[in-house]
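The values are calculated or read from the model by the stated rules, or taken from the named source; none is laboratory data. No experiment lies behind these values; they were computed from the predicted model shown. For neighbour counting, all protein chains shown are included, and Cβ atoms are generated from backbone atoms with ideal geometry for every residue, glycine included. Keep in mind that these areas ignore ligands, DNA and RNA; they rest on the heavy atoms of the full protein, side chains included. Shrake-Rupley method; radii C 1.70, N 1.55, O 1.52, S 1.80 Å.
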Amino acid sequence: MEAQPESDPHSTQPDSPNPDPEDFEEIEENDDVDDDDDFEDDEEEEEPEPMTPKARAQMDQAKMESLFSRLSTERVPVRVHDVIIKGNTRTKDALIEAEVEAIFKDATSFQQLLQAASVANMRLQRLDVFDSVNITLDAGPPELPGTANVVIEVSEAKNPLTGDLGVFSKPEARSWSLEGSLKLKNLLGYGDQWDGSVAYGWGQASEISTGVSLPRFKAFPSPLSARISLLSQDWLKFSSYKEQALGLSLGLLSIGKHDLSYNLSWRMLTDPSQMSSYTVRRHLGHSLFSALKYAFKVDRRDSPMRPTRGHAFVSTTQIGGLFPDIRSLRFIRQEFDLRYAIPLGFYRSALNLGISGGVIFPWGGGFLNTPSYLPERFFMGGNSSPVCSLRGPTSVLGFKARGLGPAEPRRVVRDNANDGNSDDSGMDNIGGDLALTAFADLSFDLPLRVFREAGIHGHVFACAGSLNKLTENAYKEFSLQKLKDSFRSSAGFGIIVPTKLFRMEVNYCYILKQHEHDRGKTGVQFSFSSPL
């Protein structure tokens, strides 16, 4: 909201509900008259001198400042008579009115009107279709005392078409990707945003997608979105399969802490190497993925990049198999994240504690003997920071991507040219049905001033993770002792360089415990993490 009491008094206060500035002046008169001659002399001496335009402007400014200060502290009843919209050539009036109408309708005083204007400004900026938004309060009609008009002046984006192009790396997977996107804003005037993106990855994933999003649909206050994507992922190095998926995703509800979406995709798993393990071969072929996903999120940390106080909680529930088809995958997947930051009071130090968990289980007839779908299982490892991300039980520093958990030997290849000698082709990581991770991270400022000013700081950490199988009656053999023995752990220290988009870490990791086929490594590792 723009409040300009100095330069535009008519646009910042209603005439009728607000008293005239002259009413706030206290005038004191002294009538001390001794005799006629003294009165004439005093009158001649006290005759005011004409004020210069500059002095009069300063006096008016001081009066308006005093008036504005009193109006901000004293309750002055006022109601909104009309909302006037200016500057929108493409954007529909109905969209702007729907965003601000309820806010101004509830305002019954001048102070509430100021707060409502601030909230309305924030909502309109959040539509991401305006370069600027100015809200001014003006006097209502003279015949309606106690009213005010709200004038909303917007400046629409000069160039509705924007694009991005960049090269991104995933050090934990040793892969690079070239990503580009085009976005067209407000094509239909309803705050709609159309976008298309292409991502080509060297060695892992490629994706082509296009979508549209609406901030609201008629009287429905929640944003809506739809997206079609073609995805190809290469997991040959880790799990001996490639995945292709053609899918449609719909964002159904996104209000406050709640988010509801639906995903429908046709998936195909292949093994070009023909060396996959028994578990992977069982899942090769076509399948239909149809799932409803609900997420509840509360994040009250002071910063997602370097939290020093507050807490965060995320719960995600996914139900698959809603499409009436025999090839539809039926499963229930639940995961949660809990983070807590405790300030220690010196060197801006803070102790971050976190725990994440997840479980996946099939449903339907004979589900106890049915394996969970391989790509939907939990995989653990990689160098993404567990402090800033809330993505379930996936990160244990010091282990490579998909570098810990259940594994099976790949198919043995016989080489006839070498007298029938066998070639050991390694192991396939097959993921788990029950996943748990926990960490403790102590962050602190470095002693050099140049590091503190740049936000560069140090940390000491410890991580642990566990991945187990529950399906196909494996839960019968599960016990607390087996859960305890399944944990892997690591510890270390490093330097963190935060930016606006991501958090870069240079860590020295020491593997405290790992199993035979895990891929953990003691040494220096680089990490790039984003809270998005």
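Stretching residue 475 away from residue 460 to a fully extended chain increases their span by 1.8 nm, per 0.36 nm per residue minus the current alpha-carbon distance. Put a dot 7 Å past the Cα of residue 506, heading toward its Cβ, do the same for residue 58, and the two dots end up 5.7 nm apart. Once R0 is set to 51 Å, what does the formula 1/(1 + (r/R0)^6) return for the Cβ-Cβ distance between residue 323 and residue 485, expressed as a FRET efficiency to the nearest 0.05? Using R0 = 51 Å, I get an efficiency of 0.80.
Over all Cα atoms in the stretch 374-532, the spread is summed up by Rg and Dmax: 19.0, 67 Å. Near residue 180, once Lys and Arg are set to +1 and Asp and Glu to -1 for all other residues with Cβ below 12 Å from its Cβ, the sum equals -3.
Among the trypsin sites (Lys or Arg not before Pro) within the stretch 232-264, those in coil by DSSP and having at most 13 neighbouring Cβ atoms inside 10 Å are 257. When the alpha-carbon atoms of the stretch 131-266 are used, the pair Rg, Dmax equals 21.8, 79 angstrom. What the phi angles of the stretch 251-258 give under the Karplus curve with 6.51, -1.76 and 1.60, with θ = phi - 60°, is a coupling list of x, 8, 8, 8, 10, x, 8, 10 Hz, glycine and proline written as x. Distance cut-off 18 Å, Cα to Cα: go down the list 484/513; 185/293; 158/183 and report the pairs above it. 185/293, as the Cα separations exceed 18 Å there.
Modelled spin labels at residue 144 and residue 302, positioned 7 Å past Cα toward Cβ, are 4.6 nm from each other. Working ranking of peptides 117-128, 328-339 by packing, defined as the average number of other Cβ atoms within 10 Å per residue, highest first, is 328-339, 117-128. Hey, with R₀ at 30 Å, roughly what FRET efficiency would residue 105 and residue 158 work out to, going by the Cβ-Cβ distance, to 0.05? In this case the efficiency is close to 0.40.
Ranking 382, 499, 398 by Cα position along the charge dipole of the stretch 369-528, where only Lys, Arg, Asp and Glu carry charges on their C-beta atoms, puts 499 farthest toward the positive end.
Per-residue extension of 0.36 nm, minus the Cα-Cα distance of residue 440 and residue 184, leaves a gain of 87.9 nm for this segment. Restricting the stretch 90-163 to GluC sites (Glu not before Pro) that sit in a DSSP loop and have at most 12 other Cβ atoms within 10 Å of their own Cβ leaves 143. Sparse packing (at most 15 other Cβ atoms within 10 Å of the Cβ) combined with a DSSP loop state is found for the following trypsin sites (Lys or Arg not before Pro) in the stretch 441-504: 500. Put simply, the stretch 227-299 fits an ellipsoid with semi-axes of 31, 14, 10 Å; these come from the alpha carbon gyration tensor as the roots of five times its eigenvalues, largest first.
Remark: the stretch 315-402 carries 42 Å² of accessible area per residue (probe radius 1.4 Å; ligands, DNA and RNA excluded). Which of rounded, prolate or oblate describes the stretch 332-416 when judged by the alpha-carbon gyration tensor and an a/c cut-off of 1.5? Here the stretch 332-416 falls in the oblate category. Approximating the spin labels as points 7 Å out from Cα along Cα→Cβ, the residue 92-to-residue 244 distance works out to 4.0 nm.
Two numbers describe the Cα atoms of the stretch 261-378: Rg and Dmax, which are 19.6, 60 Å. For residue 430, the residues whose amide H sits under 5 Å from its own are 407, 408, ignoring neighbours fewer than 5 places away on the same chain, with H placed 1.01 Å from N.
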